[in-house]
Amino acid sequence: MTNPKADLLAHLESMAARYQDRWTLSACGVTVGRRSIPALLDKNANSPGSNTASVLLISGLSGSADDVALARRALDSTPSDDAGPGNHISLSAIPDCNPDGLRDLSTGYPPIGEFFYNAEEPEKRYLWRWICFLAPTLILELRSGEAVSWQSNEAGSNLASALARSGGRVENESLLDSLGSGSPDGLGPIPGLRLTSPPESLDDELGKLWKLLSEQPGLREASPARQVLEARSARSHLEVAHILASVYGYQLDPVNYTQGVGISGRLQLYELSKTGESPASGIVDLVEPYVSGSTPMFGERVGGANLAGLIWGRELSAVTGDPRYSDLIVAVANRYQPGVDGGAPPPCDPDFRTEDMFMAGAMLGRAFGITGETRYLDLLVGFITGGNIQQESGLFWHCRPAHFYWSRGNGFAAMGLTETLTYLPENYPGRDTVAAMYRKLMDGLVKIQDPSGMLSQVLDMPGSYQELTATCMLGYSIARGLRRGWLGPSYQAPLDLAWRGVSQRVDDEGNVVNGCASTGVQATLNEYLDRPAVFGFDDRTGGMALWFALEMHRHQGSS
């Protein structure tokens, strides 16, 4: 007999191809053995405000092939009008939550820490975070057994009662149990049912559930978790910006872009909204020790990330009238020198790291904007176009020796190209080349954007975690491109999707979800996959989210 786990991916690919108007093939995680965990995602799974019950079918947590076979049977029956759910139900599925099957993943929830690099059970972390932010109306777990039994979690008790087949509650610390109470991942509970059934009874039992959901609109209401996400999505761009500006941009120790972008964002926000008190005086006090020289600006080893920590200089000069701050940017730009034999201009990494595309683009571009001296642009365009790390797909390697498609690395490339185009005059030599690189990258990133709007931590590894910083950088770059006319209107939908994904991952206190921790060049794919994902305060991600919110507001005003 064929092992139902063995050819599952091919089976799901076939279903997605056959029913393109209904499903898309996605992935919700990566196993300890570095296999993607496939998910069949309904096209309406992330759609707001519908009268449709979004049901997520899951199975195989224990590693049982029989459970996976039951899930496949359920999926195979859904396209049939007689056996499948009706128009009021969208069905997504993770038919095999445990493809490796090395250990039972049925209990031990919620997982604590080590997102997503736990050496033994990364699957639990991936499943938990992905399901929380999918936030379906109902999670339906299928298990194979000799007798029919329906169980529920706390949030799903009304459904179980309506079925009149309640077999009690699921066990404590199971996935369904932990998702069904409290505020999982800072959201709200998600109703869950577990159906244990022999194969021959499955269709009848599922039919009862589909009929119940179709006939009783009250049971199709958004889950509390979904309601929180929709409330976050309903906030305006400036509302989100004000939340972020209340948290980020208050530090400059060390002098680094992770701090400087937030400071810049606070200044921009006040100029756009003119609400509240200007942050200028507080920022002047914050930076004065560095500007006066009483505190050393940089350490002995100064890289582009440190230099870009002064990215706020031009904006602070504009607000205060004090030229010292814009002079800082010019002084930073003067540190960049022509590379030897076509190499990267020091202090850029000689291996042409994508981080430097943003750092150099931001600072050299601003120096040109301040002084009008084209030598800064000559250096910048030579560096941007000379790296040769962009591939035919449009995506960038992290640097010449590191042939990995790290998500934030491509975000840095996107930001670098965007900042460069912002300052390049229309007739500047090399502008067309930079613009072509920019559009090629935007095309490549949009093609692999997740239905949630997010970009994955490793762009060519389906199921790697949905990384927030890179998504902010993509969104900023698209919004700027649409506003400046570099991109056509077809990019509006990917932009809206990116904003929706980002806004749902910023809470009302400015905490963020899945911002990749500080990352240098790594030696292996596993090292990129295992970079910690920050949940909470993260100045790197928060600053980029603030810039994205501000650029969305500007774009909205220009539309």
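The values are calculated or read from the model by the stated rules, or taken from the named source; none is laboratory data. If you're wondering where the values come from, they're calculated on a predicted model, not measured in any experiment. Here the Cβ is made from the backbone with ideal geometry for all residues, glycine too, and neighbour counts use every protein chain on show. Accessible surface areas use protein heavy atoms only, side chains included; no ligands, DNA or RNA. Shrake-Rupley method; radii C 1.70, N 1.55, O 1.52, S 1.80 Å.
A few comments on the model shown:
- For the range 296-330, a tally of residues being open to solvent by less than 50 Å² (accessible area, probe 1.4 Å) and part of a loop (DSSP other than H, G, I, E, B) returns 7.
- If you go through the range 156-181 and pick out every residue that is farther than 17 Å from LEU57 by Cβ and not acidic (Asp, Glu), you end up with 13.
- Every residue from the range 460-482 that is in contact with a helix residue (DSSP H, G or I) (Cβ under 8 Å, 6 or more places away or on another chain), of a type outside the set (Gly, Ala, Ser) and within 18 Å of ALA27 (Cα to Cα): MET461, TYR465, GLN466, GLU467, LEU468, THR471
- Filter result for THR24 (among the polar types (S, T, N, Q) and modelled with pLDDT of 95 or more): yes
- Taking the listed residues ASP96, ASP76, the one that is within 13 Å of LEU8 (Cα to Cα), touching a strand residue (DSSP E or B) at 6+ places or on another chain (Cβ under 8 Å) and not β-branched (Val, Ile, Thr) is ASP96, with no other qualifying.
- Test: LEU441 is within 17 Å of ALA27 (Cα to Cα) and either open to solvent by less than 10 Å² (accessible area, probe 1.4 Å) or free of Cβ contacts under 8 Å to residues at least 24 places away in the same chain (or both): no
- Among (1) under 16 Å from VAL521 (Cα atoms); (2) in contact with a Gly (Cβ under 8 Å, 6 or more places away or on another chain); (3) aromatic (Phe, Trp, Tyr), the one test that PHE412 misses: (2)
- Filtered residues of the range 467-482 (kept if out of contact with any Asp or Glu (no Cβ under 6 Å at 6 or more places or on another chain) and open to solvent by 10 Å² or more (accessible area, probe 1.4 Å)): LEU482
- Scanning the range 387-413 for residues that are in a loop (DSSP other than H, G, I, E, B), open to solvent by 10 Å² or more (accessible area, probe 1.4 Å) and not hydrophobic (A, V, I, L, M, F, W, C) yields ASN388, GLN391, GLU392, SER393, ARG400, PRO401, HIS403, TYR405.
- Of everything in the range 241-289 that is among the small types (Gly, Ala, Ser) and at positive phi, the residue that is most open to solvent (accessible area, probe 1.4 Å) is GLY276.
- Filter result for THR422 (touching a residue at least 60 places away in the same chain (Cβ under 8 Å) and either among the hydroxyl-bearing types (Ser, Thr, Tyr) or open to solvent by 10 Å² or more (accessible area, probe 1.4 Å) (or both)): yes
- Applying the condition of being of a type outside the set (Lys, Arg) and in contact with a helix residue (DSSP H, G or I) (Cβ under 6 Å, 6 or more places away or on another chain) to the range 514-543 and asking which residue is surrounded by the most Cβ atoms within 10 Å (Cβ to Cβ) yields THR541.
- Residue in the range 66-75 that is closer than 29 Å to GLN227 by Cβ, surrounded by fewer than 24 Cβ atoms within 10 Å (Cβ to Cβ) and among the charged types (D, E, K, R) present: no
- Selection status of VAL502, closer than 20 Å to VAL240 by Cα, open to solvent by less than 30 Å² (accessible area, probe 1.4 Å) and of a type in the set (Val, Ile, Thr): yes
- Filtered residue count, the range 20-72, keeping only those that are more than 27 Å from GLN504 (Cβ to Cβ) and assigned to a loop (DSSP other than H, G, I, E, B): 8
- Contacts under 7 angstrom Cβ, first residue in the range 326-342 being within 10 Å of LEU310 (Cα to Cα), partner open to solvent by 90 Å² or more (accessible area, probe 1.4 Å), 6 or more apart: SER326/ARG314; ILE329/ARG314
- Among the candidates ASP341, ASP285, residue that is at pLDDT below 95, more than 21 Å from TYR476 (Cβ to Cβ) and in a helix (DSSP H, G or I): ASP341
- The lone exception for SER36 - which of (1) open to solvent by less than 20 Å² (accessible area, probe 1.4 Å); (2) touching a Gly at 6+ places or on another chain (Cβ under 6 Å) it fails: (1)
- Hits in the range 364-379 (condition: in a helix (DSSP H, G or I) and touching a Phe, Trp or Tyr at 6+ places or on another chain (Cβ under 8 Å)): LEU364, GLY365, ARG366, ALA367, PHE368, GLY369, TYR376, LEU377, LEU379
- Sole residue being in contact with a Pro (Cβ under 8 Å, 6 or more places away or on another chain) and not small (Gly, Ala, Ser), chosen from ARG431, ARG408, ARG439: ARG431
- Cβ-Cβ under 8 Å pairs, at least 6 apart or on other chains, the range 240-262 side over 21 Å from SER503 (Cα atoms) and of a type in the set (A, V, I, L, M, F, W, C), far side open to solvent by 20 Å² or more (accessible area, probe 1.4 Å) and assigned to a loop (DSSP other than H, G, I, E, B): VAL255/MET297; VAL255/PHE298
- Search result, residues across the range 362-381 that are of a type in the set (Gly, Ala, Ser) and either open to solvent by 40 Å² or more (accessible area, probe 1.4 Å) or within 17 Å of ASN427 (Cβ to Cβ) (or both): GLY365, GLY369, GLY372
- The range 213-232, subset under 22 Å from the mean Cα position of the chain (by Cα), surrounded by fewer than 16 Cβ atoms within 10 Å (Cβ to Cβ) and touching a residue at least 24 places away in the same chain (Cβ under 8 Å), residue farthest from GLY542 (Cα to Cα): GLN227
- PHE396 fulfils the conditions (1) over 15 Å from ALA308 (Cα atoms); (2) at pLDDT 95 or above; (3) out of contact with any Ser or Thr (no Cβ under 6 Å at 6 or more places or on another chain); (4) not β-branched (Val, Ile, Thr) except for a single criterion, (3).
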